[in-house]
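Trainee: Let me begin by handing over the structure; questions about it come next.
The values are calculated or read from the model by the stated rules, or taken from the named source; none is laboratory data. Nothing here was measured: the structure is a model prediction, and the numbers come from that model. Backbone-built Cβ (ideal geometry, glycine too); neighbour counts: all protein chains shown.
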């Protein structure tokens, strides 16, 4: 970008400065799907110890969702639910939920944000934790959907012999979801 704002401190900015930044941000946001796909590809060379890479796990989770007849938002959520592993291994679910939040319905965001706790049922007790910690969420209206996400799609997606669909199958969905106008009013932009 050849134009830059006139300020050194935000409080000194003008309307023109902020219109320029808004234009720049809109152009940058248009490339989000590409950045999400790049981040997913990086998961192919991350956390070791599993029989499939983190990308393989993500693809399997999304494949299970797709085969199960999930809608586009849930399939994309299944695909990127662990995308935060690279930078936030202890709160990766929050990162994935934050990426999705402007573009999907609140239920999907909640499922992704809570999947780490709900999924801990399968292993927490081996590490001295409470496998039933997820029970504190049981009264929530989307708890059953999150539990199903974990039991039917996430926890079963470490199988090197599973017929996993490649990333190219999901790319159109990623592009469709992340090219939407933000439907959450907190993220909607007012016109310039």
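To keep it simple, each residue is scored yes or no on (1) under 25 Å from residue 116 (Cα atoms); (2) in contact with a helix residue (DSSP H, G or I) (Cβ under 9 Å, 6 or more places away or on another chain); (3) part of a helix (DSSP H, G or I); (4) at pLDDT below 95.
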| position | (1), (2), (3), (4) |
| --- | --- |
| 168 | no, no, yes, no |
| 171 | yes, yes, yes, no |
| 174 | yes, yes, yes, no |
| 180 | no, no, no, yes |
| 192 | no, yes, no, yes |
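Trainee: Which condition from (1) buried (at least 16 other Cβ atoms within 10 Å of the Cβ); (2) over 16 Å from residue 68 (Cβ atoms); (3) within 21 Å of the chain's Cα centre (by Cα) is the one that residue 124 breaks?
Mentor: (3)
Trainee: Here's a check for you: in segment 6-29, which residue that is touching a helix residue (DSSP H, G or I) at 6+ places or on another chain (Cβ under 9 Å) and not in a helix (DSSP H, G or I) is surrounded by the most Cβ atoms within 10 Å (Cβ to Cβ)?
Mentor: The selected residue is 13.
Trainee: Restrict the check to segment 132-145 and report whether at least one residue is touching a residue at least 40 places away in the same chain (Cβ under 8 Å), within 22 Å of the chain's Cα centre (by Cα) and in a helix (DSSP H, G or I).
Mentor: Here is the first cut: in segment 132-145, the residues touching a residue at least 40 places away in the same chain (Cβ under 8 Å) are none.
No, segment 132-145 has no match at all.
Trainee: Now, a different point. Can you tell me how many residues in segment 71-82 are in contact with a helix residue (DSSP H, G or I) (Cβ under 7 Å, 6 or more places away or on another chain) and surrounded by fewer than 23 Cβ atoms within 10 Å (Cβ to Cβ)? Before you say what the answer is, go through the steps one by one.
Mentor: Here is the first cut: in segment 71-82, the ones in contact with a helix residue (DSSP H, G or I) (Cβ under 7 Å, 6 or more places away or on another chain) are 72-82.
With the extra rule that they be surrounded by fewer than 23 Cβ atoms within 10 Å (Cβ to Cβ), the set shrinks to 72-73.
Number of matching residues: 2.
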